[in-house]
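Reading through the structure tokens given below for one structure.
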Amino acid sequence: MGAPARFIKLSARTFPVGLQGREESALERGEKMRVLIAEDDKPVASFVQKGLEAEQYAVDVAQDGDEAQFMVSQFEYDAAVLDLTLPRVDGLEVLRHIRHTKPAL
């Protein structure tokens, strides 16, 4: 097995260039950041979910690309972790959907 995954805490004051003037994030509002994990391999999804939840993130898991696109359309997320080889709709198409419908994510 490879090296264990490591998680970093995101700073409420560090933003990528070009995101000035956007809506406040959950972290800035004093709420848990909400992350969508789109992963069809249940052990991998569970591992990532547990790691993020241990760092106080709110996490939702989608098992395929259709479900991920639906969840993005229904809920507000601060970040998404996408498997590129999802069933039904692949991760790149999910990313295109996210960029089209929620460019701030």
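Summary table below
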quantity: Whole-Å semi-axes of the ellipsoid equivalent to segment 53-105 (Cα gyration tensor, √5λ, descending); calculated: 18, 14, 10
quantity: Taking the C-alpha atoms of segment 29-70, convex hull volume expressed per residue in Å³; calculated: 48 Å³
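Every number here is computed from the coordinates shown, using simple stated rules; none is lab data. All figures in this text were calculated on a predicted structure; none of them were measured in a lab.
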